[in-house]
Amino acid sequence: MISWNETMAVETALSMKALYDQDFVLWASKTAQLLKLKKFDEVDWENLIEEVECMGEK
């Protein structure tokens, strides 16, 4: 059975993906906050990895 915390983490990650398309600056700020709090299960990893890879290409 999936716990409430796991369900919330999935919902947060999905909303972070939507936020990436709607407000990049807010997405970046919230992503940094999640990383600082070590809430790794809530991070939008797909878009974060893409952004880091793009930074390395510049």
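Listed values for region 26-38 are Karplus-derived 3J(HN,Hα) couplings in whole Hz (6.51 cos²θ - 1.76 cosθ + 1.60, θ = phi - 60°), namely 5, 4, 4, 5, 5, 4, 4, 5, 4, 5, 4, 7, 6, and x replaces Gly and Pro.
Extending 7 Å from Cα along the Cβ direction at SER15 and again at LEU35 yields two label points whose distance is 2.1 nm.
Every number in this text was worked out from the coordinates using simple rules, so none of it is lab data. As the structure is a computational prediction, the values presented were derived from the model and not from experiment. Every residue, glycine among them, receives a Cβ derived from its backbone with ideal geometry; neighbour counts consider all protein chains shown.
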